[in-house]
Amino acid sequence: MQSGINKKLNLKAIDIFAGCGGLSLGFQNAGFKIIAAFDNWEPPIQVYKKNFHHPIYNYDLSSLNNDYSIFEKFDFNIVFGGPPCQDFSSAGKRNENLGRGDLSIVFANIIAFLEPEWFVMENVERYKKSDKRCQAVDIFKANNYGLTETIIKASLCGVPQNRKRYICIGKLNGEDDELLPYINKNLAKKPMSVRDYLGNTLGIEYYYRHPRTYARRGIFSIDEPSPTIRGVNRPIPKTYKLHKADACYFIEKIRPLTTIERSYIQTFPQDFDFDLENQSKTDLEQMIGNAVPVKLAEYVANSIVEYIKGKSTPQLKPKQLVLKFDDN
């Protein structure tokens, strides 16, 4: 529900590449009024419709061809979205020229045409080193946006998951990095574990997450953050060989997290309706894995709200404010 204070700030948004609604719900929780959303995959669109009152449109944004009339009927001052990230993801082919990487350029061109006061673009950590990011930044800068770019650890933002995400916040006619103090100041001192967030409600102490290679471990404890929730969820193989870094050394009762448990790790609330009766398990796993964690989105949204309100300034020295990209 939109708070009375934030309603006065007139924070009206549209969500593009919305998926099942992680960004939308996080920004809504922070007091933004979502006007409309767009996506081009029907299963998450159906889930989105069950959880929000505003419309979502099934629309292929890659086929705009410089025709932005679809947005003209909406009154908004912020655009946010997470263009598909598979071409940049460490879980994917890591080839940004497969086609989906172009959607971050589509996002940048939409911003350049619409000229909202604010935008937020989310992507995987590897996006920071991509040529597509450089192209998008050039478009943003050519259209007078001050940019705050950073890599955020979701586990420091109320998400029980070791998930790092690239965040770019743009402010029309703003200054570069001016929101970094507001992003940095409220980060937690230590990562959030699964137990921190869910207590003992899962009824397990350990669980299996299928590794990308058997050089990596597959068994994790609820007393640590979950590994990144991906778009696939496999059972533990009968031939699984224990890894030296596994959280325990017995596998008889170890199971993977269920689909809905994985949505909790993505910080979707328990009353979020995933339309279980009408969705395939494969589609659900993928849309949940692709989603922006709700609490991460909410954290970013609250940082923008705090900046706009201008009620507090972090007591940090200037050199401490900028999170520089590194090669680690």
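The values are calculated or read from the model by the stated rules, or taken from the named source; none is laboratory data. Worth saying up front: this structure is predicted, and the values here are computed from it rather than measured. Quick reminder, even Gly has a Cβ in these numbers, built from the backbone with ideal geometry, and neighbours come from all protein chains shown.
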>> Kindly evaluate Asp283 against the criterion of being at pLDDT 95 or above, closer than 30 Å to Gly19 by Cα and in a loop (DSSP other than H, G, I, E, B).
In response: no
> Before we move on, is Leu296 under 30 Å from Gly81 (Cα atoms) and not in a loop (DSSP other than H, G, I, E, B)?
Replying inline: yes
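Which one is surrounded by the fewest Cβ atoms within 10 Å (Cβ to Cβ) among residues in region 270-301 that are among the small types (Gly, Ala, Ser) and in contact with a Pro (Cβ under 9 Å, 6 or more places away or on another chain)? Explain how you work it out, then say what you get.
From region 270-301, those among the small types (Gly, Ala, Ser) are 280, 289, 291, 297, 301; that's our starting set.
Imposing the further condition that a residue be in contact with a Pro (Cβ under 9 Å, 6 or more places away or on another chain) reduces the set to 280, 291.
Numbers: Ser280: 9, Ala291: 26.
Per the criteria, the residue is Ser280.
Do you know which residues across region 204-231 are of a type in the set (Val, Ile, Thr) and either more than 19 Å from Lys153 (Cα to Cα) or modelled with pLDDT under 95 (or both)? Let's see the steps before the verdict.
Filtering region 204-231 for residues of a type in the set (Val, Ile, Thr) gives 204, 213, 219, 222, 228-229.
The answer is Ile204, Thr213, Ile219.
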>> Just to be sure I understand the filter: pairs with C-beta atoms under 7 Å, separated by 6 or more residues or on different chains, first member in region 237-265 and under 13 Å from Leu202 (Cβ atoms) and touching a residue at least 40 places away in the same chain (Cβ under 8 Å), second member among the small types (Gly, Ala, Ser) and outside any loop (DSSP other than H, G, I, E, B). Which pairs pass?
In response: Ile265/Ser226
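Going by the conditions given, is Asp39 surrounded by fewer than 20 Cβ atoms within 10 Å (Cβ to Cβ), modelled with pLDDT of 95 or more and closer than 23 Å to Ile169 by Cα? Before you say what the answer is, go through the steps one by one.
Numbers: surrounded by fewer than 20 Cβ atoms within 10 Å (Cβ to Cβ): no; modelled with pLDDT of 95 or more: yes; closer than 23 Å to Ile169 by Cα: yes.
So Asp39 fails the test.
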>> Take the residues in region 139-178 that are of a type in the set (A, V, I, L, M) and in contact with a Ser or Thr (Cβ under 6 Å, 6 or more places away or on another chain); name whichever of them is farthest from Arg262 (Cα to Cα).
In response: Ile169
> Does region 187-225 hold any residues that are touching a Phe, Trp or Tyr at 6+ places or on another chain (Cβ under 7 Å) and either among the basic types (Lys, Arg) or assigned to a loop (DSSP other than H, G, I, E, B) (or both), and which are they?
Replying inline: Arg209, Gly218
> Which one is farthest from the chain's Cα centre (by Cα), of the residues in region 1-29 that are at pLDDT 85 or above and in a loop (DSSP other than H, G, I, E, B)?
Replying inline: Asn10
